[in-house]
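Here is the structure we will look at.
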Amino acid sequence: MRFPEVLAASDLYMLGNMNMAFGLWRACPQPDEKRLIVGNIKSESGPVSIEVPVNILNARWFIRVASNEAWYTSLETWLYVALSILLSLFLSGLVQRNHDLSGIRTYLEAIAYRDPLTGALNRRGLFDELQRRITSAPKSKFVLYYIDLNNFKAINDTYGHEAGDRVLQLFTEVVRAHAHLTHILGRIGGDEFILLLSGPPVSKRDEVAFDCMRKALANGLPSQKIPGPITFSMGRAVYPDDAQTADALLSCADAAMYQEKERAKNG
């Protein structure tokens, strides 16, 4: 349930039938200023009024009820107003709790499926994504690139693991900046990354993107005194043309990546 849907659930609108104006107001950044979100502007003033503050989703709100008549002389009216406001407060608490739980769930999913160093999908998250694609749309093509940084062990050994971590972060940033907008990037271990692109292969588009990545990495990482270029090798596999399972796709792309490495060494 979302706010201000709680007002509908709490039946505060019924107060209008009793000639009482009500409103949900939100505190503004400016001191002593409030903005009406839903309800009646007349709830801001009136000879007889009550105001109840509510904290919802890290913001300050106010429920106001006002009337031109001495409604407070009626015990029945007092009970109705009190019950309506109490129910609103209870429902607003549920809204806040649901919001907090959603935040916790998002955080836990990030821990379970994301690489903490680069923010890319981790191995588990990547395999879940591959399985979801294969299961939900078994006939829809997508492209998998297996990417491995060249000479990464030498970078770690020469400049230290902190510098190596920065290289991994830089590479992730460069791929995200130049890959197709609908891409998904995963890190499956060490200096090995997986790039997923939806749809059939578009060789020219991908060649341009990878050329831009190479240019962005050509200067190395000056902040860590790592000279350029930082290079990578990659291999491609297309689902379902080259393989029909996640493991087979990865194996196919991995083999193609090592073939490119060998060609680069021999060249």
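Pairs over the 19 Å Cα-Cα cut-off, from the set Lys141/Lys261; Lys153/Lys225; Lys141/Lys204: Lys141/Lys261. Computed from phi, the 3J(HN,Hα) profile of segment 258-265 under the Karplus parametrisation 6.51, -1.76, 1.60 (θ = phi - 60°) reads 5, 4, 5, 4, 5, 4, 5, 5 Hz, with x in place of Gly and Pro. In this entry, segment 213-256 is assigned a mean projected area of 4.1 nm², taken as a quarter of its C-alpha convex hull surface. Accessible area per residue was computed with a 1.4 Å probe on protein heavy atoms; Tyr113 scores about 70 Å². Glu262 sits with roughly 90 Å² accessible to a 1.4 Å probe, with DNA, RNA and ligands left out of the calculation. Here segment 157-267 exposes an accessible surface that is 52 percent carbon and sulfur, computed with a 1.4 Å probe and the other protein chains kept in place. Local charge for Gln244 was computed over the other residues whose Cβ lies under 14 Å away, with Lys and Arg +1 and Asp and Glu -1, and equals 0. What are the ³J(HN,Hα) values, in whole Hz, obtained from phi via the Karplus relation 6.51 cos²θ - 1.76 cosθ + 1.60 with θ = phi - 60°, for each residue of segment 212-226 in sequence order, with x given for Gly and Pro? So the Karplus estimates, Gly and Pro as x, are 5, 5, 4, 5, 5, 9, 5, 8, x, 9, x, 4, 9, 6, 9 Hz. Against the compact-protein benchmark of 2.2 N^0.38 Å, the Cα-based radius of gyration of segment 176-266 scales to 1.17. Calculated accessible area for segment 136-267 comes out at 51 Å² per residue, all protein chains present (probe 1.4 Å; ligands, DNA, RNA ignored).
The values are calculated or read from the model by the stated rules, or taken from the named source; none is laboratory data. In this text the structure is predicted, and so the values were computed from the model without any measurement. Because the Cβ atoms are built from the backbone with ideal geometry, glycine has one as well, and the counts that use them run over all protein chains shown. Only protein heavy atoms, including side chains, enter the accessible area calculation; ligands, DNA and RNA are left aside. Shrake-Rupley method; radii C 1.70, N 1.55, O 1.52, S 1.80 Å.
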